[in-house]
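The values are calculated or read from the model by the stated rules, or taken from the named source; none is laboratory data. Quick caveat: nothing in here was measured; it's all calculated off a predicted structure. Please note: Cβ atoms are built from the backbone with ideal geometry, for glycine as well, and neighbour counts cover all protein chains shown.
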Amino acid sequence: DKKRRTIINFLVNNPKGTLFFKSIDASATSKTAEKVFEMMDSIVEEVGEDNVVQVVTDNATNYKVAGQMLMEKRKRLFWTPCSAYCVDLMLEDYEKKIPIHEETIPKGKRIITFIYSRTSLISLLQHFTKGRDLVRPGITHFATSYLTLGCLHENKGALIRMFTSNEWKSSRYAKTKDGKTVENVVLDKGFWRISNIIICLKGALPLIELLRLVDSDQKPAMGFIYEVMDQAKKKIQMAFNAIRKSYLPMWSIIDERWDKQLHRPLHAACYFLNPQMHYRSGFKADL
């Protein structure tokens, strides 16, 4: 927080929604799996084990080990990694492992960071975009990167006009190293090549749709994650016209994260018991 403390927040979810339960100042506590387990176990004890179905955390190694320790002690509950966090890691892997994403996404971030860290440039930008923002907040960090890339593409003309305007050329930022770098990116036809940006978005948008489901409080997502993940993969396959060399790298990234992190017994049970899924043609009983 602003006082440089390490605060761990605990929230509880029930049919009425998600509520804040308590915070623990863990600044003076080591973040070993044993200590994390002790904190989680104390919260379960306070809430009452009979009232807990699952404990959800991110998938950092210490939390994963602590979750396993918690399940060993308390046989009736499940530890589950956060679905939104796992899907965000898939998007991060896109950027790290697929060359066209690795090249395109950082350039978009560079443009945004440069403009939005300078008040006068935000004002100049909004003059050319007629008040529209380039940043489109997403549910997670990497979802924001892809949504913002789409917004950059929509405002391509405004950005080019801005960086070729007299107002830009006469500004002090135009003479800086960072300013020249960003100007070169904006005026680079290679960056705006429609295939590059569209390819990135085709692979990312189905996962961002999945993120919206798992982050929503409108309906419980647990019984739908299996089905929606399958749908996301099919949408990616269709977006690339079923050309294997185009969609398989993304499928490999999704499957690796899914198999190691999201393929959980509780997800399978909720899918199996979900009547919307169970009585649908194509229902998969071999989970």
Scanning region 94-110 for residues that are touching a Phe, Trp or Tyr at 6+ places or on another chain (Cβ under 9 Å) and surrounded by 18 or more Cβ atoms within 10 Å (Cβ to Cβ), the one farthest from L205 (Cα to Cα) turns out to be K107
Could you please let me know if C200 is touching a residue at least 24 places away in the same chain (Cβ under 8 Å) and in contact with a Gly (Cβ under 6 Å, 6 or more places away or on another chain)?
no
Members of region 150-179 that are under 16 Å from R110 (Cβ atoms) and loosely packed, with under 12 Cβ neighbours inside 10 Å
K177
Count - residues of region 185-233 that are over 20 Å from the mean Cα position of the chain (by Cα) and of a type in the set (V, I, T):
3
Which residue is surrounded by the most Cβ atoms within 10 Å (Cβ to Cβ), if the candidates are limited to region 65-90 and must be touching a Ser or Thr at 6+ places or on another chain (Cβ under 8 Å) and either among the acidic types (D, E) or at pLDDT 90 or above (or both)?
V87
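Could you tell me how many of the residues in region 229-256 are small (G, A, S), exposed (fewer than 14 other Cβ atoms within 10 Å of the Cβ) and assigned to a helix (DSSP H, G or I)?
Taking region 229-256 and keeping what is small (G, A, S), we get 232, 239, 242, 246, 252.
Subsequent filtering for residues that are exposed (fewer than 14 other Cβ atoms within 10 Å of the Cβ) retains 242, 252.
From what is left, the residues that are assigned to a helix (DSSP H, G or I) are 252.
Final tally of qualifying residues: 1.
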If you go through region 130-164 one residue at a time, how many are in contact (Cβ under 8 Å) with a residue 40 or more places away in the chain and not in a helix (DSSP H, G or I)?
3
Given (1) surrounded by fewer than 18 Cβ atoms within 10 Å (Cβ to Cβ); (2) not assigned by TED's automatic domain parsing to the domain that holds L149, index of the condition T57 fails
(1)
In the set Y271, Y226, which member is modelled with pLDDT of 80 or more, in contact with a His (Cβ under 9 Å, 6 or more places away or on another chain), of a type in the set (S, T, Y) and part of a helix (DSSP H, G or I)?
Y226
Residue pairs within 8 Å by beta carbon, gap of at least six or interchain, first lying in region 59-77 and within 17 Å of H263 (Cα to Cα), second in a helix (DSSP H, G or I) and among the acidic types (D, E), listed first then second, are L77/E49
